[in-house]
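Structure in structure tokens, see below.
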Amino acid sequence: MEKWHGWAGTILDVNLTTQEVKRVPLDRQFAAKYVGGTGFAAKYLYDELAPGADPLGPDNLIIVGNGTLSGTIAPACGRYEIVTKSPQTGIYLRTNGGGSFGPEMKWAGYDLIMVRGIATKPVYLWIHDDAVEIKDASHMWGKDVWETQQLVRDELNDQEIQSLKIGPSGENLGISSCVIGNLGRAAGKGAPGAVWGAKKLKAIAVRGTKGVNIARPGEFLKASVALQERFKQDPVFESIQAGSPRYVSDPLCIRGDYVPGVNTKGLLSTEFEAKYFKRRQGGCFGCPISCSHWYVNKDAPVKERVGSNVEGNAVVFGGMVMRVDNPGFVCRYNTLCNRLGLHVDTPGLAIAWAMKLYEAGIITREDTDGIALTWGNEEAIIKMLYKIAHREGFGDVLDGYPLRAAQKLGRGSEAYIEHSKGMTGHGSGILVSAEFTLAHGVSVRGYDHLVGAPSWPAKIDKVPGATTEVLARLGEKLGDRRLSTDLWYKSPKKALFVCDFENISILCEMTGACKHASLRGIFTTGWDKDSFAAFLSLATGVTYSVAELMKAADREMLVERAFNAREGIRRVDDYPLPFHWQLKYHEPHPKYKGVTFPITMEEYDRLLDAYYELRGCDLATGIPTRSKLEEVELEDVADDLERCGILPDQPV
């Protein structure tokens, strides 16, 4: 048998209903065409899951896709994807995690793990190289994430086992649920944890000893060392290394007007570093950036006292939006989310929504289980986190935020929710720049910045090293420096900016590279298209050109958009909330009546048209066209959309 290089060469297919475990050889042509990670997973989900399937039913799949470079010495390449149909939005979901699980999965010999069906009792999957067992997890059900990790390691007598697991939120099919690797590496948004809970899958544990074969190891080693050294020359390297509060939440703190009534300066990263962060940096496998920090809050209850990985989003959604300016509380909030298996964004936004309703008199203590949901009430927030995770009382309402919560509560509360395609967000969706607004609107998983939003232009002079001159280099690569320096430049080229960043994000998720180590993070020296082509060629032995990789990224994005089209997503769903509301209900959104935005609907329309033209989508519907699908060798997807009666350029 011909040896595999880069790829492991095997797909693990597990049916929890029948208890059948199959090891399926990876097809070499498929591997080269779809590259890996999310590329593999998206195509399998599209092919195997029928439109309209229940996200919590037996037909939905959990697909863990490993990056092609994961587990190698390529710098910052240790990430994996979880792909499924989202219980929150009812559309395509890809969510990304770091830590050490991806490399261990590769060393065990797997490029994909697919889980289908529903177990009759709680189980976990134990993978030790070729040996795979479905084991009883009844004694773990009800335990939090940290307890579960230790129970697995103790039971299998190996403290080096890597695992993905859910907490109480996932067990209770919570919309706020996520899947956690290590102690705080969350594959978040979109409720992937609820899919695990519905299948009664508590964890996947893995131990691998096979390593990874590299086609040209000497050159691969040399390239890895050179790229790692190149990282360190980037003007924002030290800011990235300091952790995401430095470059995600600090710019909002410095602005001072992101949330009214809160002293955002109290949430600057320097406050965390001075009072809570320990000088012990940690990182995901093989990462020279090591942006994580352990923290200790001696004033917190024992279970909330220590933790790791306070991200910028935890500062924003675990502090700012609820008008909390106490960094010690943000550490508590972060730890509880990690232990309960909650995504840090969702519960904070849900509680902030409830606080608005409480302030407006739409809800009272009679609705909130006697808890006063006043702005900044830290103990009320902690109580609600537990209630959300267990879906108890008013916590069950909040767990359904945004759409299900508003439908359940009524009373005009829907005018206060903020979302895109049903995915939780903060604000109108008309954000800090034209490109950031467009990227959030067209995001395949709903309101989200990680699918491809260029965020750096909004941080000019707010992050050390991010000067106007340095940021101009981003735009220059696309032929116009204003693309990355003029936030509300209305040129259709902004759509090219978004497409380019989406493609870089897809390549990260195909290869296992961290986005913070790519042009989305270390934006002048990080992983770029040339680097991806070179490293994939050296690792796999398949010669990739930049043009071929861009075609692969296009292909991946079109599979995702086609999946969503089958679920009913159309052009109207690619607008920010005020415009979406106007188009859907033919009246202004009640919250935004009389508000003047920095972009009009007509200007947004022109950007959206330009985006669709670049992606090869029909201008009227946003659905991929046959001509574009055939251009990227997705004839089978075009035929499928035609059978569904939604292919835009099919003969009448």
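The values are calculated or read from the model by the stated rules, or taken from the named source; none is laboratory data. Every value quoted in this text rests on a predicted model; they were computed, and no experiment measured them. Neighbour counts are summed over all protein chains in view; Cβ atoms, including those assigned to glycine, are modelled from backbone coordinates with ideal geometry. When the accessible area is computed, the model is the full protein with side chains, heavy atoms only, and any ligands, DNA or RNA have been set aside. Shrake-Rupley method; radii C 1.70, N 1.55, O 1.52, S 1.80 Å.
Given the conditions (1) over 25 Å from R230 (Cα atoms); (2) open to solvent by 10 Å² or more (accessible area, probe 1.4 Å); (3) within 23 Å of the chain's Cα centre (by Cα); (4) basic (K, R), which single one is not true for K494?
Of the numbered conditions (1) over 25 Å from R230 (Cα atoms); (2) open to solvent by 10 Å² or more (accessible area, probe 1.4 Å); (3) within 23 Å of the chain's Cα centre (by Cα); (4) basic (K, R), the odd one out for K494 is (2).
Return a yes/no flag: does the stretch 459-467 have any residue that is crowded, with 18+ Cβ neighbours inside 10 Å, in the same structural domain as Y575 (by TED's automatic domain parsing) and under 15 Å from V498 (Cα atoms).
The answer is no, given that none of the residues of the stretch 459-467 is crowded, with 18+ Cβ neighbours inside 10 Å, in the same structural domain as Y575 (by TED's automatic domain parsing) and under 15 Å from V498 (Cα atoms).
Pick from E633, E613: which is open to solvent by 10 Å² or more (accessible area, probe 1.4 Å) and closer than 18 Å to H440 by Cα? Spell out how you get there, then give the answer.
Working: E633 fails: closer than 18 Å to H440 by Cα.
Criteria check complete, one pass: E613.
Determine whether the stretch 402-415 contains at least one residue that is within 21 Å of the chain's Cα centre (by Cα) and buried (at least 18 other Cβ atoms within 10 Å of the Cβ).
yes
Is there any pair linking a residue in the stretch 260-273 that is under 13 Å from S244 (Cα atoms) to one that is open to solvent by less than 40 Å² (accessible area, probe 1.4 Å) and of a type in the set (S, T, Y), with Cβ under 8 Å and at least six apart or on different chains, and which?
Listed pairs, sorted by first residue: L267/S249; S269/S249; F272/Y295.
In this structure, is M105 touching a Phe, Trp or Tyr at 6+ places or on another chain (Cβ under 8 Å), open to solvent by less than 10 Å² (accessible area, probe 1.4 Å), over 25 Å from Y295 (Cβ atoms) and assigned to a loop (DSSP other than H, G, I, E, B)? Write out each step before concluding.
Values: touching a Phe, Trp or Tyr at 6+ places or on another chain (Cβ under 8 Å): yes; open to solvent by less than 10 Å² (accessible area, probe 1.4 Å): yes; over 25 Å from Y295 (Cβ atoms): yes; assigned to a loop (DSSP other than H, G, I, E, B): no.
It is false that M105 is touching a Phe, Trp or Tyr at 6+ places or on another chain (Cβ under 8 Å), open to solvent by less than 10 Å² (accessible area, probe 1.4 Å), over 25 Å from Y295 (Cβ atoms) and assigned to a loop (DSSP other than H, G, I, E, B).
Is there a residue in the stretch 17-33 that is aromatic (F, W, Y), in contact with a helix residue (DSSP H, G or I) (Cβ under 7 Å, 6 or more places away or on another chain) and at pLDDT 95 or above? If you could, list the steps in order and put the result at the bottom.
Taking the stretch 17-33 as the starting set, the residues that turn out to be aromatic (F, W, Y) are 30.
Add one more test, that the residue is in contact with a helix residue (DSSP H, G or I) (Cβ under 7 Å, 6 or more places away or on another chain), and what stays is none.
Taking every residue of the stretch 17-33 in turn, none turns out to be aromatic (F, W, Y), in contact with a helix residue (DSSP H, G or I) (Cβ under 7 Å, 6 or more places away or on another chain) and at pLDDT 95 or above.
Within the stretch 15-37, track down each residue that is in contact (Cβ under 8 Å) with a residue 60 or more places away in the chain and either more than 24 Å from the chain's Cα centre (by Cα) or open to solvent by 50 Å² or more (accessible area, probe 1.4 Å) (or both).
N15, L16, T17, T18, Q19, V21, R23, L26, A32, K33
Could you please give the count of residues in the stretch 56-100 that are under 24 Å from A198 (Cα atoms), aliphatic (A, V, I, L, M) and assigned to a loop (DSSP other than H, G, I, E, B)?
3
Among (1) in the same structural domain as V262 (by TED's automatic domain parsing); (2) at pLDDT 95 or above; (3) farther than 18 Å from A186 by Cβ; (4) buried (at least 18 other Cβ atoms within 10 Å of the Cβ), which single condition is G370 missing?
(4)
Shifting gears a bit: I'd like to check something: does the stretch 310-321 contain any residue that is open to solvent by less than 10 Å² (accessible area, probe 1.4 Å), touching a residue at least 40 places away in the same chain (Cβ under 8 Å) and touching a Pro at 6+ places or on another chain (Cβ under 6 Å)?
Within the stretch 310-321, one or more residues are open to solvent by less than 10 Å² (accessible area, probe 1.4 Å), touching a residue at least 40 places away in the same chain (Cβ under 8 Å) and touching a Pro at 6+ places or on another chain (Cβ under 6 Å).
How about the stretch 117-223: which helices (runs of 4 or more DSSP H) wholly inside it have at least 1 residues that are modelled with pLDDT of 95 or more, among the acidic types (D, E) and surrounded by fewer than 17 Cβ atoms within 10 Å (Cβ to Cβ)? First the steps, then the outcome.
Details: elements: 145-155, 168-171, 192-198.
Hits in the stretch 117-223: 145-155.
Additional query: Within the stretch 518-554, which residues are buried (at least 24 other Cβ atoms within 10 Å of the Cβ), in contact with a Leu (Cβ under 7 Å, 6 or more places away or on another chain), under 19 Å from K33 (Cβ atoms) and touching a residue at least 40 places away in the same chain (Cβ under 8 Å)?
F535, A539, A553
Ok, one more. Before we move on, is A314 of a type outside the set (D, E), modelled with pLDDT of 85 or more and either in a helix (DSSP H, G or I) or in the same structural domain as G98 (by TED's automatic domain parsing) (or both)? Outline the logic, then answer.
Details: of a type outside the set (D, E): yes; modelled with pLDDT of 85 or more: yes; either in a helix (DSSP H, G or I) or in the same structural domain as G98 (by TED's automatic domain parsing) (or both): yes.
Here the answer is yes, as A314 does meet what is asked.
Return a yes/no flag: does the stretch 62-74 have any residue that is surrounded by fewer than 16 Cβ atoms within 10 Å (Cβ to Cβ) and either of a type in the set (K, R) or touching a residue at least 12 places away in the same chain (Cβ under 8 Å) (or both). Reasoning before the result, please.
Within the stretch 62-74, the first condition is being surrounded by fewer than 16 Cβ atoms within 10 Å (Cβ to Cβ), and the residues that meet it are none.
Checked the stretch 62-74: no residue is surrounded by fewer than 16 Cβ atoms within 10 Å (Cβ to Cβ) and either of a type in the set (K, R) or touching a residue at least 12 places away in the same chain (Cβ under 8 Å) (or both).
Another question, then. For the condition more than 24 Å from N182 (Cα to Cα) and assigned by TED's automatic domain parsing to the domain that holds P122, what is the one hit in E48, E2? Steps first, please.
Working: E2 fails: assigned by TED's automatic domain parsing to the domain that holds P122.
Only one candidate passes the filter, namely E48.
Let me ask something else. Give the stretch 261-309 a look and list any residue that's open to solvent by less than 40 Å² (accessible area, probe 1.4 Å), modelled with pLDDT under 85 and charged (D, E, K, R), or say none.
Answer for the stretch 261-309, where residues must be open to solvent by less than 40 Å² (accessible area, probe 1.4 Å), modelled with pLDDT under 85 and charged (D, E, K, R): just E273.
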